[in-house]
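Notes for the one structure printed next.
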Amino acid sequence: MAHSILRSFLRFPSGGVCNFTKPACAYSRWHGSFYFYRRANNSRISDGVTSFHFVKEASIRGYPSGAIVACSRNYNSNVTSTFETVDGSEYLAMTDEKLMSQCEMDTFKVSGPGGQHRNKRESAVRLKHLPTGITAQASEDRSQHKNRAAALSRLRKLLALRVRNTIDLETYVPPPELVQILPTKSTIRLDKGSQIGPNNPKFALGMQALIDLIFAVGGSVSDAAKKLGLSTGALSRLILSDDSLRQAVNEFRVEKGMKPLK
Amino acid sequence: MKSSRASLSSILQPVFSLRRPAFCSAAPPKPQTPLHLRPPAFRAALSDLQRWQAWAKTQASSVGSTFSALDGGPDSSLLLRELNWLVEDAVEHPALLSTENKVTAEVAIRAQLEEMYELWRQRIEERRPFQYVVGCEHWRDLILSVEEGVLIPRPETETIVDLVDHAVKADEELREGLWADLGTGSGALGIAVARILGGGGRVLAVDLSPVAAAVARYNVERYCLEARVSVRVGSWFDPLKDVEGELNGVVSNPPYIPSKNIHSLQAEVSRHEPILALDGGADGMDDLIHLCHGAASMLKPRGFFAFETNGEIQSKLVLDYIQNEMEGSFCRLEIVSDFAGIQRFVTGYKA
Ligand SMILES: C[S@@+](CC[C@H](N)C(=O)[O-])C[C@H]1O[C@@H](n2cnc3c(N)ncnc32)[C@H](O)[C@@H]1O
């Protein structure tokens, strides 16, 4: 895939849980949706960190063309246009360890000297995925270890929601990770293995592929359902079964002037 | 400073004089069982427990930012999070509390309802640390029992375990053999280091406080590490005379707060945690300096040490001290920052 398109949901549903730390300028100057896209690639930088151009979508259809470069940030200052061959879905296929190695971890800044001076659980963890700038955090557990695991699984979900891969509808065959999250009655399901639900870590990959398809068909649930061998009702139910999936699909539909799924 | 410290700690722990000989024959103090490990032996009507919870929330909310403005203590949002954790530890099926259940339903809890009121009152009114209230701290992947008289392990200290992990990965010979954790407190470092080392390593965990030693032993047993972690009571390297020059590694988070700063600490710390665990003398360096000298004689050549400090200036002072006053004893000295970017640890290898 030549490039994948990152979509940010600036009005993120889950409150403080997810946000972009940088670029601050993207936050403050515009409201609405941004599409982040990667420059055409022809080499890879050794540390796997890419530079991004943060782009305001001018017309929804014409992806990168007509885009206005709003602000750019290079993680590696001597590379202006970098090359990266990682496909969006590859992030999700990475092991936790690999994905972690692409992240910068912040625990929340302790004011004052910390250590023996303080009794406060600074167990909150924020992970920033450097290639995409997406951050996820977790603070509900007492242990930093568990918060790190929770933040990582949240990051996977965010990557699924925001990293868009383009699809060629003519030749489209649903990838296996998507098939796995479909109800067993789908006619494209050859094996009758059980359906993977939203609590399974593998759900994120399937969800990403599903959103890719829904984007490709312009938000039409019935068109997507056809590609997946499902009734429109069955696909709607699947979309509604997960809050973040539903929200992602509905935001897109509203932008396209369609009614949100209920 | 040192003597005032000893007498203060005996006020805190009146039963156990710290001046007792290291290997005394008196029965060791019996550690308390953390709340989450007690049997759910008590019943309460769901509605009564919900009433307790509503009261506790009000208490937490009314704190606002008073404590944090006063001495950097917890604000309402942290207290509310702690309240959830208290419910998790005390109630057998915490989910029941948030469901719209029949008013007649009963729930099993690990403390009497009256005690639940008392525990939360202590948390808010007395600023008793949450970890003493529930009797445990979640630290790394461990759940360690803690109680009054034992320092609550700090998240910063978790990094020492990673430093040990790196050191033994870089030199596998360090993995097999003896390590020491000086001032083990709850046993946090000793236990975590033993788990990093694996079956071939052994850890000697030392503490001067008999209460700490008893709690450390309890935690060692909980993680079934009796064969690999031995707890010894005494001052720093005193109880380790038999292994002089044989240690592969030494870790310590010794008391490092300058005496004059102890009383301005947040109330959870200054009023409740043992001063013996915190007060490092006039400039906070007394124990660190003592440990540097001890490590020089106790470590094998190429043996590793990692010490936690008060941060920044203090870690530089420790490093300077080793370089200037103990020239030639150690090599590959480093200062390592904690997760908040504070230069916190000094590490190095015996020359
Ligand atoms: C800051 S606490 C660290 C506890 C534990 N290692 C941790 O990190 O949570 C310092 C510990 O050193 C112990 N201690 C103080 N003076 C000591 C001495 N002279 N010999 C041995 N231990 C001592 C205290 O009892 C306390 O447990």
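For this structure, a couple of remarks:
- Mean partner shielding of peptide B:149-157, defined as the number of other chain Cβ atoms within 10 Å of each residue Cβ, is 4.
- The GluC sites (Glu not before Pro) of the range B:145-179 that DSSP puts in a loop, and whose beta carbon has at most 16 other beta carbons within 10 Å, are B:148, B:176.
- Protection proxy ranking for B:56-68, B:273-285, using the average of other Cβ atoms within 10 Å per residue and placing the highest first: B:273-285, B:56-68.
- Applying 1/(1 + (r/R0)^6) with r as the Cβ-Cβ distance of residue B:69 and residue A:255 and R0 = 51 angstrom yields a FRET efficiency of 0.70.
- Averaged over the residues of peptide A:143-154, the number of Cβ atoms from other protein chains lying within 10 Å of each residue's Cβ is 2.
- Straight-line cross-link partners of residue A:259 among the aspartates and glutamates, defined as a Cα under 14 Å from its Cα and at least 8 positions apart when in the same chain: A:251.
- When the pairs A:146/A:262; A:157/A:262; A:227/A:262 are compared against a 32 Å limit on Cα-Cα distance, A:146/A:262 fall above it.
- Sorted on the mean count of surrounding Cβ atoms within 10 Å across their residues, most packed first, peptides B:182-190, B:222-230 read B:182-190, B:222-230.
- Ordered by solvent-accessible area of protein heavy atoms (1.4 Å probe), largest first, the residues A:190, B:240 come out as A:190, B:240.
- Lysine pair count for the range B:150-350 (Cα-Cα distance under 20 Å; residues 8 or more apart in sequence or on different chains): 6.
- GNM flexibility winner over chain B from B:297, B:209, B:264 (Cα, springs under 10 Å): B:264
- The mean count of C-beta atoms from other chains within 10 Å of the C-beta of residues in B:324-334, rounded to a whole number, is 0.
- Within the range A:187-251: Cβ-based charge dipole about Cα centre, in debye rounded to nearest 20 (Lys, Arg +1; Asp, Glu -1): 260 debye
- The range A:123-168: trypsin sites (Lys or Arg not before Pro) in DSSP coil with no more than 16 other Cβ atoms inside 10 Å: none
The values are calculated or read from the model by the stated rules, or taken from the named source; none is laboratory data. Note that the structure is predicted; figures quoted are calculated from it, not measured. All Cβ positions, even for glycine, are placed from backbone atoms using ideal geometry, and neighbour counts span all protein chains on display. Side chains are part of the model used for accessible areas, which takes the heavy atoms of the whole protein and leaves out ligands, DNA and RNA. Shrake-Rupley method; radii C 1.70, N 1.55, O 1.52, S 1.80 Å.
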